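Structure first, then comments.
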Amino acid sequence: MHEAGNDLLSRRGILRLGAAATATGLIGAAVPSDAMAAVYKAKERVVAMHNINTGEMLEVVYAKASGYNPAAMQKLNSLMRDRRNDESTRMDPRLIDAMWALSQKLGSKKPFQLICGYRSPASNAMRAAMSDGVASNSYHTRGMAADIALPDVSLGRLRRAAMELKVGGVGYYPRDGFVHIDVGPVRTW
């Protein structure tokens, strides 16, 4: 028997704590880096990108302290579209925040080179059939990933900085000239 006041120490109390921690994301969640914590304190967030496949460039204030700018996010959705079929999707704002944090952390003065943003399921299936390196359930198909480079930052530095953010996956492709970042589970390859 246990006393009512000791319920937290009981088996049921421990299970309740575990369920609460899981529900609030405390278990299994990465601790946000200082760079990511700074994202939401910034009065204004600007991202610049050059889509190397279409030649398009964009520099836009995509968020302010009051929230995301829907018109700017729509422009980013268009810029980051699937170049093979011109399909676009709603890009995850956390991905854009991660890119902003990377440019701030690295002190880059150049636009991101966007190699791949959104990839439609049809394009992804085609790519996966041609290469073992393309996941059939890629975060690109969910608007949660980008393959990027920064002209004034080495790929190795970009990779390390992305890993330090702890916001999702980081893939390193030096032969192909890019780093993959996504806002899925934290992992590296």
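The values are calculated or read from the model by the stated rules, or taken from the named source; none is laboratory data. The model shown is predicted, which means the values in this text are computed figures rather than measured ones. We place every Cβ from the backbone using ideal geometry, glycine too, and count neighbours over all the protein chains shown. Protein only, heavy atoms only, side chains kept; ligands, DNA and RNA dropped before computing areas. Shrake-Rupley method; radii C 1.70, N 1.55, O 1.52, S 1.80 Å.
Counting only residues that are of a type outside the set (A, V, I, L, M, F, W, C) and out of contact with any helix residue (DSSP H, G or I) (no Cβ under 8 Å at 6 or more places or on another chain), which one in the stretch 151-172 is nearest to residue 135 (Cα to Cα)?
171
Residue-by-condition table, conditions (1) open to solvent by 60 Å² or more (accessible area, probe 1.4 Å); (2) aliphatic (A, V, I, L, M):
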residue	(1), (2)
74	yes, no
98	no, yes
108	no, no
117	no, no
122	yes, yes
137	yes, no
140	no, no
161	no, yes
164	yes, no
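Restricting attention to the stretch 131-147, the residues that are in contact with a His (Cβ under 8 Å, 6 or more places away or on another chain) and of a type in the set (A, V, I, L, M, F, W, C) add up to 2.
Considering (1) modelled with pLDDT under 95; (2) of a type in the set (D, E, K, R); (3) under 14 Å from residue 49 (Cβ atoms), the lone condition that residue 110 does not fulfil carries the number (1).
Here residue 175 meets each of (1) in contact (Cβ under 8 Å) with a residue 12 or more places away in the chain; (2) open to solvent by 70 Å² or more (accessible area, probe 1.4 Å) with one exception, condition (1).
Among the residues examined, residue 41 qualifies as open to solvent by 90 Å² or more (accessible area, probe 1.4 Å), at pLDDT below 95 and among the charged types (D, E, K, R). Only one of the numbered conditions (1) under 26 Å from residue 107 (Cα atoms); (2) modelled with pLDDT of 55 or more; (3) open to solvent by less than 50 Å² (accessible area, probe 1.4 Å) is violated by residue 89, and that is (1).
Do we have any residue at all in the stretch 51-62 that's open to solvent by 20 Å² or more (accessible area, probe 1.4 Å), free of Cβ contacts under 8 Å to residues at least 12 places away in the same chain and over 16 Å from the mean Cα position of the chain (by Cα)? Looking through the stretch 51-62, at least one residue is open to solvent by 20 Å² or more (accessible area, probe 1.4 Å), free of Cβ contacts under 8 Å to residues at least 12 places away in the same chain and over 16 Å from the mean Cα position of the chain (by Cα).
Using beta carbons and a limit of 6 Å, which pairs, at least six apart or on different chains, have the first residue in the stretch 86-98 and within 16 Å of residue 34 (Cα to Cα) and the second one assigned to a loop (DSSP other than H, G, I, E, B)? The qualifying pairs are 94/183; 98/167. Tell me, yes or no, whether the stretch 180-189 has at least one residue that is modelled with pLDDT of 95 or more, small (Gly, Ala, Ser) and loosely packed, with under 15 Cβ neighbours inside 10 Å. No, the stretch 180-189 has no match at all.
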